[in-house]
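The values are calculated or read from the model by the stated rules, or taken from the named source; none is laboratory data. Worth saying up front: this structure is predicted, and the values here are computed from it rather than measured. Cβ placement follows ideal geometry from the backbone for every residue including glycine, while neighbour counts extend to all protein chains displayed. What goes into the accessible areas is simple: the full protein's heavy atoms, side chains included, and nothing from ligands, DNA or RNA. Shrake-Rupley method; radii C 1.70, N 1.55, O 1.52, S 1.80 Å.
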2 protein chains.
Amino acid sequence: MSGRVVTLKTKTKARVRKGGGGGAGAPSVPDIVQILRERIARQDVAPGAKLGEQELAEEFAVPRTRIREVFGVLESRGLIDRIPNRGAVVSRLELDHVFHLYDVRQVLEGLCVRLATENAPPETWDEFVELFGAPMDEFVKARDFDAFIVVYERFRSRIIEWARNPVAARMLDSIYEKTNVIIRRIVILPGRAVEGLSEHRAVVAAMRAGDGETAERLKRTNLQNAKETLRRFQKYVL
Amino acid sequence: MSGRVVTLKTKTKARVRKGGGGGAGAPSVPDIVQILRERIARQDVAPGAKLGEQELAEEFAVPRTRIREVFGVLESRGLIDRIPNRGAVVSRLELDHVFHLYDVRQVLEGLCVRLATENAPPETWDEFVELFGAPMDEFVKARDFDAFIVVYERFRSRIIEWARNPVAARMLDSIYEKTNVIIRRIVILPGRAVEGLSEHRAVVAAMRAGDGETAERLKRTNLQNAKETLRRFQKYVL
DNA sequence: GATCACAAAATTGCTAACAACTTTGTTGAC
DNA sequence: GTCAACAAAGTTGTTAGCAATTTTGTGATC
């Protein structure tokens with residue numbers, strides 16, 4: 001019956017605020033979202049793993065309510081599932097969902113390839129004509145898939161940069177963050193690397209020639225083939 | 001690079017929602033997000049208008065922290081802008097942004113039209129062969145654009161339903177919620193209604209014939225034309 | 001009359017305690 | 001030995017109050 005507990009701390013813990021000696025200021029909501037997005041995309045936290053509010057709040061040294069807001073964003077992006085009173089877990093990637101993602105990725109990357117071809121000066125792509133030539137052959141021969149993928153991602157980000165369409169960029173980003181892991185498993189499938197390489201040479205050639213529509217069609221075919229390979233070997237991949 | 005890591009034990013237990021009693025349980029975060037999304041899409045709240053946390057908390061009878069979480073979601077969707085210590089305002093729709101949205105909408109609706117053609121039995125589209133015939137001519141003649149748009153939206157939602165691709169559906173949804181207002185302004189532009197109608201007759205015919213690829217191409221052309229009309233009359237629309 | 005300074009009011013952001021729920025560990029009956 | 005009831009611990013969800021910041025209103029000065 002001790003009534004309401006009133007905290008009477010007239011002694012304020014004043015001015016702990018800015019900078020202080022302490023270096024890194026507390027990360028904002030977008031900061032934390034970005035960090036967790038990367039962790040999930042890289043599978044530093046496995047699908048199905050639980051994310052604790054308190055745990056994360058301590059790690060980032062922010063109030064728990066901020067983690068809560070972060071969870072709201074992550075949930076709306078479909079990266080985590082929240083169950084009332086039980087917390088948040090990293091979403092699992094269903095097989096069907098992967099195919100849906102690939103269908104969408106197909107048309108969006110096709111669009112970006114076309115736009116990039118229209119927007120960029122043709123010389124932009126010389127770099128990739130070069131890279132997709134001998135060097136990539138070497139990577140395939142040496143089975144150096146990491147270097148292989150690095151080139152791909154460089155190409156991809158250059159395309160998105162020149163497409164100059166933030167809406168498409170954003171949507172593709174939300175696809176990549178879910179399929180990045182899959183991509184690495186597809187490249188190592190038998191024959192896929194060489195097949196994908198020759199498809200990309202065709203795409204780059206069309207872009208260099210300024211033929212956006214052909215480039216778009218070729219890019220779509222490329223992703224269609226990747227999807228087919230995935231379908232064929234699905235039991236080994238997922 | 002490890003294999004699967006975590007096994008999640010889901011013991012699904014029947015959950016009794018305790019809202020009950022007369023129905024007006026406190027709305028959840030997704031509920032409120034949905035309501036505000038609609039308000040913004042219908043321009044019940046104007047672009048640039050301020051959204052107050054306390055105000056909304058009182059209206060929905062929920063804690064202010066929940067509104068805060070809602071704002072996090074809305075911000076990540078690009079529907080509102082938040083300025084630290086100053087609150088949230090409804091995002092304004094830049095002209096450039098509208099064109100970006102239309103480029104993306106073009107390829108996504110094209111995809112859905114093709115998928116729907118492949119997935120649905122051909123008779124599905126008879127309804128629209130009929131509707132896009134005499135009835136729509138009447139609407140155009142009578143300048144009953146509301147009825148006109150209702151048919152369009154019915155067609156659109158049927159397509160998305162049969163495309164059976166939740167990823168595309170979700171993305172298109174996030175486009176519609178931003179462009180719905182624009183659409184109503186395009187239809188009333190001189191000649192656009194009849195033009196769009198004849199384009200749609202071609203699309204429906206291809207779908208009825210089971211020719212997905214042609215339908216996709218026609219749908220893309222249709223939206224391309226809509227975009228061109230918009231560009232031509234942009235000063236009257238925005 | 002216009003401008004700057006300053007204080008009051010309102011709003012956002014944060015903290016910590018509290019309540020509800022879920023999981024886990026233990027005990028006891030069959 | 002198995003299962004059910006129950007208590008303890010831990011986690012999530014909620015609430016009220018406080019701190020910090022911006023906005024608004026007022027008055028003095030030039």
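A few remarks follow.
- Residue in the range B:156-166 that is surrounded by fewer than 16 Cβ atoms within 10 Å (Cβ to Cβ), away from chain A (no Cβ under 12 Å), assigned to a helix (DSSP H, G or I) and among the polar types (S, T, N, Q) present: yes
- Selection within the range B:41-61: residues that are open to solvent by 80 Å² or more (accessible area, probe 1.4 Å) and within 13 Å of DNA strand D (Cβ to nearest atom). The member of this set that is nearest to the other protein chains (Cβ to nearest Cβ) is B:Gln54.
- Criterion: within 16 Å of B:Ser198 (Cα to Cα) and touching a His at 6+ places or on another chain (Cβ under 7 Å) - qualifying residue of B:Phe148, B:Phe132: B:Phe132
- Those helices (runs of 4 or more DSSP H) lying entirely in the range A:92-151 with at least 3 residues in contact (Cβ under 8 Å) with a residue 60 or more places away in the chain and in contact with a Lys or Arg (Cβ under 8 Å, 6 or more places away or on another chain): A:95-119, A:126-131
- Candidates B:Asp173, B:Asp146 - the one that is surrounded by fewer than 16 Cβ atoms within 10 Å (Cβ to Cβ), within 14 Å of chain A (Cβ to nearest Cβ) and under 21 Å from the mean Cα position of the chain (by Cα): B:Asp173
- Extreme residue, nearest to the other protein chains (Cβ to nearest Cβ), among residues of the range A:15-34 that are at pLDDT 85 or above and either assigned to a loop (DSSP other than H, G, I, E, B) or open to solvent by 60 Å² or more (accessible area, probe 1.4 Å) (or both): A:Pro30
- Scanning the range A:35-58 for residues that are assigned to a helix (DSSP H, G or I), more than 14 Å from DNA strand C (Cβ to nearest atom) and over 27 Å from B:Gln34 (Cβ atoms) yields A:Ile35, A:Glu38, A:Arg39, A:Ala41, A:Glu55.
- Scanning the range B:136-180 for residues that are modelled with pLDDT under 95 and on the phi > 0 side of the Ramachandran plot gives a single hit, B:Arg143.
- When the criteria are applied in full, A:Leu189 fails the requirement of being modelled with pLDDT of 90 or more and either part of a helix (DSSP H, G or I) or away from chain B (no Cβ under 14 Å) (or both).
- Qualifying residue in the range A:193-205 (condition: within 14 Å of another protein chain (Cβ to nearest Cβ), surrounded by 18 or more Cβ atoms within 10 Å (Cβ to Cβ) and closer than 21 Å to A:Phe99 by Cβ): no
- First in the range B:62-89 and open to solvent by 60 Å² or more (accessible area, probe 1.4 Å) and more than 7 Å from DNA strand C (Cβ to nearest atom), second anywhere and of a type in the set (A, V, I, L, M, F, W, C) and in a loop (DSSP other than H, G, I, E, B), Cβ under 9 Å, 6 or more apart: B:Pro63/B:Ala26; B:Arg66/B:Ala26
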